[in-house]
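The values are calculated or read from the model by the stated rules, or taken from the named source; none is laboratory data. This is a predicted model, so every value here is computed, not measured. Using ideal geometry, Cβ is built from the backbone for each residue, glycine included, and neighbour counts are taken over all protein chains shown.
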Amino acid sequence: MNWVHPTALLIGTWVLVFLQSWCTGLRLWIHAQPELLSGMVVYSALFASLPTTVAVALLAGLGSDSLSSGPFGLGAVPLLLLGVLLHRRRDVILRDSRWAQASIGGVAGLCVALGSFVLLFLFWPLVSSGSAAASAPFTPEVRMGLGDLPVAGVGRLWQWFVAGVTGAVVTPLIFRVFRWVDATCNYQVAPSLIRSGDREIDRGRF
Amino acid sequence: MLRKPHAILLAAASLALLVFLVLPEYSRSRIRVAFGTLYLPLFTVAGPSENAVARAAASLTPRSALLDRIHALEQSNEVLRLSVVEHEAATRESDRLRQMLGFAARTSWKLRPARVIGRDPANWWQSIRIDIGTRDGITTNLAVLTPEGLVGRVAEAGPWNSRVVLVGDPNCPVAAALADTSETGIIRGVSGGDIQGSLVELTYLPRNAGLKPGQRVVTSGQGGVFPAGIGIGDLVDSRPAVSGIYAEARVRLAVNLGALAHVWVKLP
């Protein structure tokens, strides 16, 4: 492992955060935000070190929050939890099959979207108390910082569905791109000259 | 078990996030703007590339279509010029009457155009990013609009770009009024969520307001941010609130907030 792979992951995360904000065509069409960042965290957790995974989760969460109206820092929490949990269990997670990658990506996208929503409601007293809403003069429009909680309703179910589906679609692509980057820029394992598959004795059942 | 350096790393990351969450709004806003400048190079590159694509697409348009478009624009321009002449006469008359009655002189709006360069990456909030900031005279709480109607207000102004919260976002309540009866209420997001983002709710209306579908809703000017008379949308339906004290109505926004490309910021 050299420095190229972690750097590529951080640059990839930076670009994906920008794309989430800039590419509005699909969002306009499906009326929900595609979830791209969870796939990045899943890949980091399964193939990179824990410090790299934490850096990717923080960059993704804080970057996304810096372009959003939500409380700054809250978006990084579900991504960080996801990254750490997957990294801790990565030895028992299937990661080479496309279906496995899509499944993990789909579940991760859904969990991040749900987690963000749950955390927002749980932490609301903490994050909204720091705002100047209470001390602002009482006119309906002049309010600094966070006003009310976002409206929860049936429409959110569609957004969570989209987050799961886009996570499932994007994660295998991210795996493919960054495995290629890793294979291109990293030292490769030298093929064994001693043992070769075609010289093994095929044994039957008995 | 986590190794000690990893445990320290996770503790430091968690502590940093906790500090971000409990910071006062002003400090949080400064950090957010500073972090957002990380994406400035990408937004700067994206603008010209979008324009180049648009120019390339325009170069493929047939000449006859362009001539038809020029003809339509010339006609529209003539109508607008006549309308301006009519409004100038009305303004002169209004100013003369104001002077006779001793009212303060009416000030004309100073508007600045801006390009929409990004949208809120989260599902729960509705905001856009525009390509002008404090260097262009933008401050927080300025009204943002299009010729069709109200868009929102500037929530955060950085040096090079600004974040605008849209009508219907929890952070952008609007003091509104019915254009024909002048009954006032407050615009906020629709209960239960609206997937398309084209509906908002007008609340705190008097129960006997005489609400009818199709009524025009405009800003009332009583909220401290938006000047009076900017169109918001048309009333769709109404019902009494659960408490029974006031009435609520759904309003279809005049502006398609999902397809904004250019907006105008009203300068003070």
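Quick look at the numbers
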item	result
Selection from the range B:3-33 of residues that are in a loop (DSSP other than H, G, I, E, B) and more than 8 Å from chain A (Cβ to nearest Cβ)	B:3
Of residues in the range A:1-21 being at the interface with another protein chain (Cβ under 9 Å from one of its Cβ atoms) and surrounded by 20 or more Cβ atoms within 10 Å (Cβ to Cβ), the one nearest to residue B:127 (Cα to Cα)	A:21
Test: residue in the range A:129-151 that is among the polar types (S, T, N, Q), within 25 Å of residue B:29 (Cα to Cα), modelled with pLDDT of 65 or more and surrounded by 17 or more Cβ atoms within 10 Å (Cβ to Cβ)	no
Check on residue A:118, of a type in the set (Val, Ile, Thr), closer than 21 Å to residue B:123 by Cβ and out of contact with any helix residue (DSSP H, G or I) (no Cβ under 8 Å at 6 or more places or on another chain)	yes
Selected residue (criterion: farthest from the other protein chains (Cβ to nearest Cβ)) from residues of the range B:223-233 that are over 10 Å from residue B:174 (Cβ atoms) and assigned to a loop (DSSP other than H, G, I, E, B)	B:229
Qualifying residue in the range B:168-191 (condition: in contact with a Phe, Trp or Tyr (Cβ under 7 Å, 6 or more places away or on another chain), of a type in the set (Ser, Thr, Tyr), outside any loop (DSSP other than H, G, I, E, B) and closer than 30 Å to residue B:248 by Cβ)	no
Pairs with Cβ under 6 Å, 6+ apart, first in the range A:159-173 and farther than 14 Å from residue A:13 by Cα and modelled with pLDDT under 90, second crowded, with 20+ Cβ neighbours inside 10 Å and not aliphatic (A, V, I, L, M)	A:159/B:123
Residue ID - nearest to the other protein chains (Cβ to nearest Cβ), chosen from residues in the range B:119-142 that are among the β-branched types (Val, Ile, Thr) and free of Cβ contacts under 8 Å to residues at least 40 places away in the same chain	B:140
Residue ID - modelled with the lowest pLDDT, chosen from residues in the range B:58-69 that are in a helix (DSSP H, G or I) and loosely packed, with under 10 Cβ neighbours inside 10 Å	B:58
Options B:105, B:155; residue that is small (Gly, Ala, Ser) and either modelled with pLDDT under 85 or not assigned by TED's automatic domain parsing to the domain that holds residue B:258 (or both)	B:105
Among (1) crowded, with 20+ Cβ neighbours inside 10 Å; (2) within 18 Å of residue B:127 (Cβ to Cβ); (3) out of contact with any Asp or Glu (no Cβ under 6 Å at 6 or more places or on another chain); (4) among the polar types (S, T, N, Q), the one test that residue A:24 misses	(1)
Given (1) within 12 Å of another protein chain (Cβ to nearest Cβ); (2) among the aliphatic types (A, V, I, L, M); (3) free of Cβ contacts under 8 Å to residues at least 60 places away in the same chain, number of the condition residue B:116 does not satisfy	(3)
Qualifying residue in the range B:166-178 (condition: of a type outside the set (Phe, Trp, Tyr) and surrounded by fewer than 18 Cβ atoms within 10 Å (Cβ to Cβ))	no
Complete set of residues in the range A:49-69 that are outside any helix (DSSP H, G or I) and buried (at least 24 other Cβ atoms within 10 Å of the Cβ)	A:67, A:68, A:69
Test: residue in the range B:43-51 that is under 30 Å from residue A:21 (Cβ atoms) and touching a Gly at 6+ places or on another chain (Cβ under 7 Å)	yes
Residue within the range B:49-57 that is facing chain A (nearest Cβ under 10 Å) and in a helix (DSSP H, G or I) present	yes
Residues that are in contact (Cβ under 8 Å) with a residue 40 or more places away in the chain and more than 7 Å from every other protein chain (Cβ to nearest Cβ), drawn from the range A:52-74	A:52, A:55, A:56, A:59, A:60
Number of positions in the range A:87-123 that are within 14 Å of chain B (Cβ to nearest Cβ) and in a helix (DSSP H, G or I)	16
